[in-house]
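Since the structure comes first, as structure tokens, the remarks are kept for the end.
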Amino acid sequence: MPKDAAVEEFAGLVRALKARDGRSYEALGRRLSVGASTLHRYCSGATVPEEFAVVDRLALLCGADEEERRVLEAAWTRADAARRRTAPPVPPPAPVTSAPESPPEPAAPEPGPAPDATATTTTPAPAPATGTSRRTAPAPLLVAAVVALVVLALAAALLGRPSRTPSALPPSPTPQGRTAAPLPFTWTVGSELWQGGCGHTYLVDRDPRAVAPPPVAADAGAWAGAHGAVHGGEALVRITLQGRSPSDAVVLHALHVRVVGRAAPLPWNAYRMDNGCGGAVTPRHFAVDLDRPRPLARPVDGLDASGAEVRTIPAVSFPYAVTASDPEELLVSARTVRCDCRWYLELEWSAGGRSGTVRITDGGKPFRTSGTGEGLTHEYDTVGGLWITGEESGQTG
């Protein structure tokens with residue numbers, strides 16, 4: 001298959017779904033929590049979404065059946081592989097010009113006479129007992145008893161007081177004698193999202209010369225992973241939920257925020273991903289202030305400025321329900337100024353007489369968001385092909 005044929009095949013299927021539905025890019029984008037221009041780029045083949053969940057949601061909105069969704073997922077898999085093959089390479093870190101001298105090797109001790117083998121194993125003979133002296137236990141037995149007591153004490157301490165690192169997630173409780181039943185719904189999470197498909201800041205512990213140009217939003221995860229980047233100031237997390245039954249609804253009751261680690265903001269350089277800004281839709285979402293002692297997920301209205309007038313998109317409040325034919329997306333915006341925070345989410349649900357709480361993490365690890373700290377903020381100069389600071393941008397302009 002030619003290099004871009006897979007992308008064009010996928011884009012053609014997305015265009016067909018959009019044409020069948022008849023709604024505008026703006027109307028469909030509001031339901032998908034993406035900008036109208038982002039959806040247009042999917043249809044034109046300009047970019048391929050990093051996750052299939054948003055396309056699957058589009059298919060459901062446009063009335064696609066199971067077979068069409070399987071064909072669409074196979075086409076997305078091929079297009080995603082083609083996108084990754086053509087992604088620009090990430091430059092390696094800047095070479096280290098000098099290294100501290102290693103300390104000199106300690107001098108070896110001068111050879112001396114071989115030790116006497118019998119001297120290391122001989123034990124002084126005990127003093128003869130007298131009429132007033134008390135006979136004591138042999139020394140080897142005392143040593144063995146002391147060692148056994150120390151081992152038992154350490155084992156009891158370790159079993160009674162498990163260790164925990166500040167950034168580790170606490171274990172999920174499971175009732176004794178019970179096996180966890182499968183959830184009545186499925187969920188996926190996306191943590192490399194940008195406001196409007198373009199507005200985002202990453203913190204990277206590298207010199208600007210060792211940082212690749214900003215990627216398109218669909219390649220954000222690969223770019224961030226290659227650079228060891230951390231979300232700067234704000235992290236957007238999208239949770240896509242879908243019931244397993246077409247008729248039995250799963251009721252979502254509440255979304256909680258748990259902060260498991262706090263530290264000073266990272267002093268790394270900040271890199272803004274503002275190149276190629278797109279959508280004019282700010283979807284409704286849940287805002288989280290990580291600087292508060294007990295952060296809450298607060299529902300916030302969205303705005304649609306894609307038409308002649310700015311319209312308000314009402315916030316979503318709990319509780320509400322999802323089924324197999326009516327999925328839902330939760331968009332969480334977690335912001336911080338004063339900390340390098342590690343956090344996760346807990347979603348309360350109930351269905352068919354059951355209830356529980358599911359933990360939402362970043363692939364088993366806490367999400368991470370840091371204030372921008374004391375590092376320099378950089379923007380990418382597309383004309384010069386390099387990262388520049390705000391001061392340099394003002395001088396060149």
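The values are calculated or read from the model by the stated rules, or taken from the named source; none is laboratory data. Just so you know, these numbers come straight off a predicted model, no measurement behind them. Neighbour counts are summed over all protein chains in view; Cβ atoms, including those assigned to glycine, are modelled from backbone coordinates with ideal geometry. These accessible areas exclude ligands, DNA and RNA; they are computed on the full protein's heavy atoms, side chains included. Shrake-Rupley method; radii C 1.70, N 1.55, O 1.52, S 1.80 Å.
Taking (1) part of a strand (DSSP E or B); (2) open to solvent by 20 Å² or more (accessible area, probe 1.4 Å); (3) modelled with pLDDT of 90 or more in turn, residue 312 satisfies each apart from (3).
One line per residue, one yes/no per condition, for (1) part of a helix (DSSP H, G or I); (2) aliphatic (A, V, I, L, M):
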site	(1), (2)
209	yes, no
213	no, no
220	yes, yes
224	yes, yes
231	no, no
236	no, yes
240	no, no
245	no, no
248	no, no
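So which of 57, 70 is touching a Pro at 6+ places or on another chain (Cβ under 8 Å), closer than 30 Å to residue 17 by Cα, at pLDDT 60 or above and of a type outside the set (A, V, I, L, M, F, W, C)? After applying the criteria, what remains is 57.
Taken over region 324-357, the criterion of being in contact (Cβ under 8 Å) with a residue 40 or more places away in the chain, outside any strand (DSSP E or B) and under 16 Å from residue 253 (Cβ atoms) is satisfied by 352 alone. Are there any pairs, at least 6 apart or on different chains, whose C-beta atoms fall under 8 Å, with the first in region 175-191 and surrounded by fewer than 10 Cβ atoms within 10 Å (Cβ to Cβ) and the second at pLDDT below 90 and part of a loop (DSSP other than H, G, I, E, B), and if so, which? If the second residue must be at pLDDT below 90 and part of a loop (DSSP other than H, G, I, E, B), the pairs left are 180/174.
Let's see how each residue does on (1) more than 22 Å from residue 344 (Cα to Cα); (2) more than 15 Å from the chain's Cα centre (by Cα); (3) modelled with pLDDT of 90 or more; (4) among the basic types (Lys, Arg):
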site: 171; (1), (2), (3), (4): no, yes, no, no
site: 186; (1), (2), (3), (4): no, yes, yes, no
site: 193; (1), (2), (3), (4): no, no, no, no
site: 205; (1), (2), (3), (4): yes, yes, yes, no
site: 214; (1), (2), (3), (4): yes, yes, yes, no
site: 217; (1), (2), (3), (4): yes, yes, no, no
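For region 249-272, the set of residues classified as surrounded by fewer than 19 Cβ atoms within 10 Å (Cβ to Cβ) and either within 18 Å of the chain's Cα centre (by Cα) or basic (Lys, Arg) (or both) consists of 256, 258, 260, 261, 262, 263, 272, listed by residue number. Looking only at region 244-300, filter to residues that are farther than 28 Å from residue 377 by Cα and among the hydroxyl-bearing types (Ser, Thr, Tyr); which one of those is modelled with the lowest pLDDT? Checking each candidate, the answer is 247. Only one residue in 228, 233 is under 20 Å from residue 370 (Cα atoms) and open to solvent by less than 30 Å² (accessible area, probe 1.4 Å). Which one? Going through 228, 233 in turn, the sole match is 233.
Would you mention how many residues in region 192-207 are open to solvent by less than 40 Å² (accessible area, probe 1.4 Å) and assigned to a loop (DSSP other than H, G, I, E, B)? Residues meeting the conditions: 6.
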